[in-house]
Amino acid sequence: MSQERLGEHLSVSFQQVQKYEKGKNRMTPGILAAAADVLGVSPAFFFKNTDGQSAEPTVETLQLATLMASKDALELNALFARIDDPKLRHHIIGCMRQVVEAFAPRLDRSNGFQGKIESGLPFRNA
């Protein structure tokens with residue numbers, strides 16, 4: 001598959017695909033999951049050890065990748081990526097934190113995602 005065609009499937013430019021391939025830019029979990037789906041491979045395919053063996057991602061990584069592949073998460077990330085102003089991005093993140101705190105008071109804030117990933121869904125405590 002060409003970089004241009006893969007980019008079309010991922011809604012990114014072929015130049016962005018080149019940057020992913022060369023390691024200049026990191027793929028978000030959502031883009032990684034979408035690329036794996038388009039290419040017909042497991043997300044683990046992209047995690048190779050130096051000996052060529054797959055490094056199995058953790059359950060949490062796979063759950064996050066699955067979440068990030070959802071239509072809503074992809075749209076949210078695509079819109080956020082279009083914001084160039086770092087201050088505006090920071091303010092949006094602050095607003096999101098306030099919304100989450102107001103409407104999801106049971107969040108476990110013990111890790112970097114401000115919530116715990118359990119049962120395939122983030123931010124839900126069992």
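The values are calculated or read from the model by the stated rules, or taken from the named source; none is laboratory data. All figures in this text were calculated on a predicted structure; none of them were measured in a lab. Cβ coordinates were reconstructed from backbone atoms using ideal geometry, including for glycine residues, and neighbour counts include every protein chain displayed.
Here is a list of conditions, (1) modelled with pLDDT of 80 or more; (2) in contact with a strand residue (DSSP E or B) (Cβ under 9 Å, 6 or more places away or on another chain), and residue 18 meets all of them except one; can you say which number that is?
(2)
Quick one: in the stretch 1-23, which of the residues that are hydroxyl-bearing (Ser, Thr, Tyr) and within 16 Å of residue 36 (Cα to Cα) is farthest from the chain's Cα centre (by Cα)?
For the stretch 1-23, the residue satisfying everything is 2.
Would you check if residue 92 is surrounded by 14 or more Cβ atoms within 10 Å (Cβ to Cβ) and modelled with pLDDT of 90 or more?
yes
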